[in-house]
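Novice: Before I ask anything, let me first share the structure, which is written out below as structure tokens.
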Amino acid sequence: MAQDKQAVSKVTVEKRIDGKYFFALTFRGVTYPVKGPFANPMQAAAAGQATLKALEARAGGPSKA
């Protein structure tokens, strides 16, 4: 059974106990430090997606093998 072994890239939003939101970014299997705080989860997700898109552009985009 052959599976695509491409490294995972994703954004995870989390809410801290003080009510503020942060995002953690995993790009090509590497997890980067948490960034924030943001007032709501949509702002955190948007900032995380923008960061992920910038990293992909800098690295030459996602590989299409």
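Novice: Where the second residue is assigned to a helix (DSSP H, G or I) and the first is under 12 Å from K15 (Cβ atoms) and lies in segment 37-49, which pairs have Cβ atoms under 6 Å and are six or more apart or on separate chains?
Specialist: Listed pairs, sorted by first residue: F38/A44.
Novice: Now for a separate question. Scan segment 9-32 residue by residue and report those that are β-branched (V, I, T), surrounded by fewer than 14 Cβ atoms within 10 Å (Cβ to Cβ) and either touching a Ser or Thr at 6+ places or on another chain (Cβ under 8 Å) or at pLDDT below 95 (or both). It would help to see each step written out before you state the result.
Specialist: Step one: list which residues in segment 9-32 are β-branched (V, I, T), which gives 11-13, 17, 26, 30-31.
Filter once more, so that each one left must be surrounded by fewer than 14 Cβ atoms within 10 Å (Cβ to Cβ): 17, 30-31.
The answer is V30, T31.
Novice: Please count how many residues of segment 41-61 are surrounded by 13 or more Cβ atoms within 10 Å (Cβ to Cβ) and not aliphatic (A, V, I, L, M).
Specialist: Filtering segment 41-61 down to residues surrounded by 13 or more Cβ atoms within 10 Å (Cβ to Cβ) leaves 41, 43-49, 51-52, 55-56.
Narrowing further to those that are not aliphatic (A, V, I, L, M): 41, 43, 48-49, 51, 56.
Summing the residues that are surrounded by 13 or more Cβ atoms within 10 Å (Cβ to Cβ) and not aliphatic (A, V, I, L, M) in segment 41-61 gives 6.
The values are calculated or read from the model by the stated rules, or taken from the named source; none is laboratory data. As the structure is a prediction and not an experimental result, all values here were calculated from the model. Cβ coordinates were reconstructed from backbone atoms using ideal geometry, including for glycine residues, and neighbour counts include every protein chain displayed.
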